[in-house]
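The values are calculated or read from the model by the stated rules, or taken from the named source; none is laboratory data. Here the structure is a predicted model, which is why all the values come from computation and not from measurement. Heads up, the Cβs are rebuilt from the backbone with ideal geometry, glycines too, and the neighbour counts pull from every protein chain shown.
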Amino acid sequence: MPSGKTIITCAVTGNLVRPDQHPGLPVTPEQIARAAIDAGKAGAAIAHIHVREPDSGKPSMRIELFHEVVERIRNSGSEILINLTTGEGGRFAPSQDDPRIAGPGTTLLHPLRRIEHVVALKPDLCSLDFNTMNSGPHVVINTPANVRKMAAAVTEAGVKPELEVFDSGDIHMAGDMIAEGLLTGRPFFQIVTGVKYGCAATPETIAYMKSILPAGAAWSAFGIGRHEFPVLAIAKCLGGHVRVGMEDNIYLRRGELVRDNAQLVERAVALLDILGEEPASPAEARAILEQRSLRGSASGACSCRSTGWNGKLPKDAGKSVTNLALPQPAHSRGSGSTARFMGCCSTICVSPMAGRWRWTV
Ligand SMILES: [Zn+2]
């Protein structure tokens, strides 16, 4: 059985639920910040945040709104980790007459515009969507090239991307970017389930998604709507972290609206308690997410099932080492002198540079 603390993320408002669906949906920066602070008091370690236009409640990308929310949370003394969305700006609705032309509902933005607020405000985390998929009558488009641009820019800003995966292929794309050295540190995956035509919110699907994650990755899963709490239990029992919040679900049970985000977190804490688990504090969540993937195994033997490599891992991972007997990689990435080798732990890149092998973790 899994052990250790469980990170609860609370996604407090999102961009799909409308204010007319729930009178308590956080809309203004003050309401969104208050929801995050209260979620933290109830046991959440991370607040996932979108902003909305205060007058209309419509989704917004305005940096001053993000700024006000972040400032209010930080000035409150709350330690909750702040995770800002980068999901806005990825939607395409083909026009009825010509599918090459963007119709009403299209929000496509340049990828660097989508992460401007993250670069400026430097939250602890930001979401990074790997999906290209149907979404209602529209499609969401995140091309590999654009995801790479966003990943490079947020990493450069010192912000940890939370890797949002909606289907198995998204995990393979993230794996490629980890192998390329574009994503560094311990990967943190968020498995999104219950979105129509995406990953089903079933134990079998979530277990499969987990089975193809890079070794050593931290992961969380959530379900949309009525799937919220069943998926919480499934994720926890499979060793993952969890997420709740009014972005995903506004009901406590059929026909009964939830009081607020904190009530969803309280229920998550109660369910974890029944399963014998405790929620991670923000400090504990930070430690979990910053764990090195190689912790405890850096000097051990490595048996790579995928490449047939049975080499020794160097004790001084992160430094240059010599005389590593690696087979010509079955999984080499890149080209020329910077080609990288993916070992059995897919978060390790070994680059043969200037005749020396360099480990990057
Ligand atoms: Zn979101």
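Considering each residue of the stretch 56-68 in turn, at least one proves to be of a type in the set (A, V, I, L, M) and either more than 16 Å from the ligand (Cβ to nearest atom) or outside the structural domain of PHE188 (by TED's automatic domain parsing) (or both). Looking at the stretch 221-261, which of its residues are within 16 Å of the ligand (Cβ to nearest atom) and either among the acidic types (Asp, Glu) or modelled with pLDDT under 95 (or both)? Listed by number, the residues that qualify are GLU228, GLU247, ASP248. In summary, THR132 fulfils each of the numbered conditions (1) over 15 Å from MET173 (Cα atoms); (2) away from the ligand (no atom under 16 Å from the Cβ); (3) hydroxyl-bearing (Ser, Thr, Tyr) with the single exception of condition (1). For the structure I just gave you, tell me whether ILE115 is in contact with a Lys or Arg (Cβ under 8 Å, 6 or more places away or on another chain), surrounded by 14 or more Cβ atoms within 10 Å (Cβ to Cβ), assigned by TED's automatic domain parsing to the domain that holds SER60 and under 22 Å from ASN15 (Cβ atoms). No, not satisfied.
Screening LEU109 on (1) among the hydrophobic types (A, V, I, L, M, F, W, C); (2) in contact with a Phe, Trp or Tyr (Cβ under 8 Å, 6 or more places away or on another chain); (3) over 24 Å from CYS10 (Cα atoms) shows it passes everything except condition (2).
Screening ILE171, ILE191, ILE178 for residues that are touching a Gly at 6+ places or on another chain (Cβ under 8 Å) and under 19 Å from ALA215 (Cβ atoms) leaves exactly one candidate, ILE191.
If the condition is being in a loop (DSSP other than H, G, I, E, B) and either among the acidic types (Asp, Glu) or under 23 Å from LYS236 (Cβ atoms) (or both), then the stretch 1-22 contributes MET1, PRO2, SER3, GLY4, LYS5, ILE7, VAL12, GLY14.
Kindly evaluate ILE82 against the criterion of being under 16 Å from VAL242 (Cα atoms) and either touching an Asp or Glu at 6+ places or on another chain (Cβ under 9 Å) or within 16 Å of the ligand (Cβ to nearest atom) (or both). In short, yes. The set of residues in the stretch 20-48 being within 16 Å of the ligand (Cβ to nearest atom) and free of Cβ contacts under 8 Å to residues at least 40 places away in the same chain consists of VAL27, ILE32, ALA47. Could you please let me know if GLY175 is under 14 Å from the mean Cα position of the chain (by Cα) and assigned to a helix (DSSP H, G or I)? It is true that GLY175 is under 14 Å from the mean Cα position of the chain (by Cα) and assigned to a helix (DSSP H, G or I). For LEU112, the stated conditions do not hold, so it cannot be described as modelled with pLDDT under 95, away from the ligand (no atom under 16 Å from the Cβ) and either touching a helix residue (DSSP H, G or I) at 6+ places or on another chain (Cβ under 9 Å) or within 24 Å of ALA36 (Cα to Cα) (or both). Here the strands (runs of 3 or more DSSP E) wholly within the stretch 23-131 that include at least 1 residues being among the β-branched types (Val, Ile, Thr) are 46-49, 81-84. I'd like to know if the stretch 12-19 contains one or more residues that are more than 25 Å from LYS196 (Cβ to Cβ) and more than 12 Å from the ligand (Cβ to nearest atom). No: zero hits.
The residue that is surrounded by the fewest Cβ atoms within 10 Å (Cβ to Cβ), among those in the stretch 76-90 that are at pLDDT below 95 and on the phi < 0 side of the Ramachandran plot, is GLU88. Being closer than 20 Å to GLY185 by Cβ, assigned by TED's automatic domain parsing to the domain that holds GLU228 and either of a type in the set (Ser, Thr, Tyr) or modelled with pLDDT of 95 or more (or both) is a property that does not hold for ALA270.
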